[in-house]
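To keep things clear, I will list the structure first and then write my remarks on it.
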Amino acid sequence: MVMTHIPRPSRPGMPRRLAVLAVLAAVLVAPGAVVLAGAWSGPRTTLSATGGDATTPQVAADSSGAVTAVWARTDGTASIIQASRREEGTWSAPADVSAAGQNAYDPQVAVLPSGTVTAVWRRSKGTTTIIQASRNAGRSWSAPANLSAAGQSAEYPRIAVVPPGAVIAVWRRSNGTNWIIQASRNTGGSWSAPADLSAAGQSADNPQVAADVSGGAIAVWRRYDGTNYIIQASRYSAGAWSTPIDVSVLGQRADDPQIAVDATGVATAVWRRLDGTNEIIQASRYSAGAWSVPTDLSAADQNAFHPRLVVDPSGTVTAAWYRSNGTNEIIQASRYEVGAWSAPADLSAAGQNAYDPQLVADRPGAVTAVWYRYSGSTTIIQASRYAVGAWSAPVGLSAAGRSAYDPQIATDRLGAMTSVWKLFNGRNMIIQAKRYVLPPAAPRAVEVTIGNGKVTASWTEPISDSGSRIRSYTATATPGGARCTARARRTRCTISGLANGTAYTVAVTASNGGGAGDASARSVAVRPIGVLGVTIVVRKGVATTSGRVPAGATGVTQQASAGGRRGTCTITDIRHPGTGEVIRQTFRCQVRAPAAGSFTLTTTARGSGVVISTSTRQATVPPPPPPRPR
């Protein structure tokens with residue numbers, strides 16, 4: 001039977017082999033629905049050089065936050081594998097990874113926890129192709145190593161990291177009669193001799209591989225059984241690959257398998273399978289040595305293609321695919337939680353075709369999907385994020401006006417994402433990248449000092465900036481919400497316009513390209529205190545202090561340093577001559593002065609039992625007049 005689906009867009013003359021695969025990053029919030037901090041921040045960066053077509057990008061991030069992108073690009077003579085690395089906010093110039101002189105295609109990339117990067121690809125040897133690999137443990141790529149044996153063609157490499165320090169690559173290779181699935185393992189030195197995973201006698205292809213928690217791996221592929229293609233799987237454990245097991249049901253063609261493994265070692269495989277009329281997406285779970293009966297994920301009345309799969313840190317699995325709604329291809333997704341798959345949710349908008357979803361999970365319950373979609377005359381990269389129980393509205397990543405395809409994305413340990421894609425710039429295909437960053441962590445150790453109608457907050461910078469430089473801080477006083485801001489690297493600012501005598505706490509947030517992060521713990525409560533304006537007159541042994549009663553004060557007291565004497569204070573209402581309304585209040589305090597010298601007068605205005613304003617002033621007893629001459 002011939003499979004039918006809507007043709008995908010392609011640039012005239014471009015090979016149709018350009019594949020899409022992905023591991024992705026985070027995205028936006030649906031208005032009124034999903035609340036999730038983070039943003040696609042900064043400009044789109046062109047990674048490849050102009051002048052030759054660059055295609056099939058892939059991307060991976062290491063534990064330090066460094067990101068490596070790889071792609072295939074023609075150098076005018078042949079297609080070579082190139083790479084660029086992003087460190088401390090800057091992408092490096094492209095580096096050649098494969099040797100010149102022959103075509104190299106279909107790169108894949110993975111990063112060990114140590115930061116060592118491994119790339120694999122297929123390369124022509126004239127009449128056949130072989131699988132090659134290179135490793136970068138620092139600043140340079142190693143000489144390519146041959147993984148597959150010469151003499152027959154090998155292609156479609158895929159790669160997985162097996163923590164803490166191993167990498168497994170799988171591919172398909174001809175044995176002269178059929179395609180068989182092979183694998184090789186690298187634990188830091190040389191690559192092992194290829195091992196056959198699929199049985200001889202019929203062709204097998206489309207391999208995928210994922211690591212499990214025991215240091216092993218599970219590979220899946222499709223294999224022809226003489227009538228149809230079926231999905232098979234093999235598990236690597238204790239140094240050997242198991243005998244292949246059929247995962248899909250016999251009787252109809254199954255294709256395009258994908259595999260993911262959660263932290264407990266439970267694996268999930270998805271694929272598409274013909275039900276006799278349409279292509280549908282199916283899934284099976286591997287646990288305790290057995291695969292479950294396949295479950296239909298997509299509805300049966302239309303074709304569905306290109307299933308992709310991811311498992312988040314909590315063990316929840318998300319599958320996505322594109323499916324016809326009768327008029328257009330749309331992106332759909334289903335989640336496996338509490339023992340069951342959810343009903344499919346539409347991610348892309350109707351009205352135009354959308355293709356080739358990719359998935360990534362960066363934290364428990366948070367998944368992002370990317371895809372490309374027609375905008376009417378061109379294609380754009382779009383993304384949606386699942387969090388708090390719903391998918392966000394799609395957001396565009398690539399620039400409008402130029403067609404973009406093949407989105408790929410990776411996340412680092414901080415949750416910062418990098419998406420890459422290929423874009424037609426009017427002459428050639430180029431590789432571009434854009435970052436999605438999370439907000440920084442909360443500032444720490446907030447301290448506050450008081451002033452007249454203001455407080456000054458100081459703090460310690462956050463433990464983490466989430467991989468994006470902090471741009472500013474905001475300190476907010478409660479109650480009232482008055483605030484101040486400080487630019488990056490400044491950890492102090494003053495909040496003005498506060499009411500003297502009112503108790504305030506202050507919390508501080510830090511902002512980067514991903515927006516504002518969580519607020520710090522609140523400071524201890526403090527009360528701004530005003531400076532009381534006073535006039536002091538000392539005459540005939542009495543110090544008289546007068547001034548205006550500040551707003552909110554209901555009483556005034558005075559203390560003299562000389563002899564610890566307390567002053568006697570009275571408040572007088574000043575009324576409007578016409579209405580009799582009190583328009584202000586004044587106070588007058590008197591205290592006995594010492595016989596001579598200077599002394600201190602502290603005058604305090606209070607309201608509701610708290611200090612609102614205070615004044616501490618020096619007063620001097622004038623010397624007695626000189627005696628009159630006789």
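The charge dipole of the range 148-244, taken about the Cα centre with unit charges on the Cβ atoms of Lys, Arg (+1) and Asp, Glu (-1), comes to about 40 debye, rounded to the nearest 20. Couplings for the range 430-441, taken from phi via the Karplus curve 6.51 cos²θ - 1.76 cosθ + 1.60 with θ = phi - 60°, read 10, 9, 10, 9, 9, 9, 10, 10, 8, x, x, 5 Hz in order; Gly and Pro are left as x.
Normalised by residue count, the range 122-176 yields a Cα convex hull volume of 83 Å³ per residue. With Rh defined as the Kirkwood radius, the inverse of the mean 1/r over Cα pairs, the Rg/Rh of the range 443-519 is 0.99. For the chain, averaging the sequence separation of C-alpha pairs within contact (under 8 Å, six or more residues apart) and dividing by the residue count gives a relative contact order of 11 percent. Apolar share of the accessible surface for the range 154-249: 48 percent from carbon plus sulfur atoms, 1.4 Å probe.
Normalised by the number of residues in the range 177-334, the mean separation of alpha-carbon contacts (under 8 Å, six or more apart) gives a relative contact order of 14 percent.
Close amide H contacts of Ala393 (hydrogens built in the peptide plane, cut-off under 5 Å, sequence separation of 5 or more or a different chain): Ala30. In this structure, Ser124 and Asn425 have a Cβ-Cβ separation that, at R0 = 30 Å, corresponds to a calculated FRET efficiency of about 0.65.
Computed over neighbours whose Cβ is under 10 Å from that of Ala333, the net charge equals +1, Lys and Arg +1, Asp and Glu -1.
Using θ = phi - 60° in the Karplus curve 6.51 cos²θ - 1.76 cosθ + 1.60, the 3J(HN,Hα) couplings for the range 180-196 round to 10, 8, 10, 8, 9, 10, 10, 10, x, x, 9, 7, 6, 4, x, 10, 6 Hz; x is entered for Gly and Pro.
Just so you know, the Rg over Rh for the range 135-218 is 0.99, from Cα atoms, with Rh as the Kirkwood radius. Considering only the other residues whose Cβ falls under 14 Å of the Cβ of Ser142, what net charge follows from Lys and Arg at +1 and Asp and Glu at -1? Every neighbour counted, the sum reads +1. Since only Pro194, Ser403, Trp241 are under comparison, the one whose Cα sits farthest along the positive direction of the charge dipole of the chain, derived from C-beta charges on Lys, Arg, Asp and Glu, is Ser403. Let a ≥ b ≥ c be the square roots of the eigenvalues of the Cα gyration tensor of the range 161-301; is it rounded (a/c under 1.5), or, if not, prolate (a/b larger than b/c) or oblate? Oblate shape, in that a/c is at least 1.5 and b/c is the bigger or equal ratio. If every alpha-carbon in the range 484-536 counts as one equal scatterer, what log10 I(q)/I(0) does Debye give at q = 0.24, 0.31 1/Å? The calculated log intensity ratios at q = 0.24, 0.31 Å⁻¹ are -1.06, -1.29. Using a 1.4 angstrom probe, figure out how much accessible area the chain has per residue, in square angstrom, rounded to the nearest whole. Averaged over the residues of the chain, the accessible area is 43 Å². If the chain linking Thr327 and Ser561 were pulled fully straight, counting 0.36 nm for each residue of separation and taking away their Cα-Cα distance, it would gain 75.2 nm. For the pair Ala521 and Leu250, a Förster radius of 56 Å applied to the C-beta separation gives a FRET efficiency near 0.35, rounded to the nearest 0.05. Electrostatic tally near Ala300: other residues with Cβ closer than 15 Å to its Cβ, Lys and Arg +1, Asp and Glu -1, net -1. Think of each Lys and Arg Cβ as +1 and each Asp and Glu Cβ as -1; about the Cα centre, that makes the dipole of the chain roughly 4000 debye.
Per residue, the average separation of C-alpha pairs within less than 8 Å and at least 6 apart gives the range 216-286 a relative contact order of 24 percent. Note on Gln102 and Ser142: the extension gain reaches 12.6 nm, defined as 0.36 nm multiplied by sequence separation minus the Cα-Cα distance. A straight chain from Ala445 to Ala400 at 0.36 nm per residue would run longer than the Cα-Cα distance by 11.7 nm. Here Ile470 sits with roughly 20 square angstrom of accessible surface, probe radius 1.4 Å. Here the spin labels are modelled as points 7 Å beyond Cα on the Cα-Cβ line, and at Thr227 and Thr586 they lie 11.0 nm apart.
For the range 55-129 versus the range 181-234, the inter-centroid distance based on Cα atoms is 23 Å. Counting only protein heavy atoms and using a 1.4 Å probe, the accessible area of Leu112 comes to about 10 Å². Residues Ile463, Ile536, sorted by accessible area with the largest first, give Ile463, Ile536 [1.4 Å probe; ligands and nucleic acids excluded]. Out of these labelled values of log10 I(q)/I(0) by the Debye sum over Cα atoms at q = 0.06, 0.11 Å⁻¹, [x] -0.53, -1.12; [y] -0.46, -1.03; [z] -0.35, -1.16, which was calculated from the coordinates shown here? Identified label for the calculated read-out: [y].
The values are calculated or read from the model by the stated rules, or taken from the named source; none is laboratory data. Everything quoted here is computed from the prediction, not taken from an experiment. Using ideal geometry, Cβ is built from the backbone for each residue, glycine included, and neighbour counts are taken over all protein chains shown. To get the accessible areas, we keep the full protein, side chains included, count just its heavy atoms, and leave off ligands, DNA and RNA. Shrake-Rupley method; radii C 1.70, N 1.55, O 1.52, S 1.80 Å.
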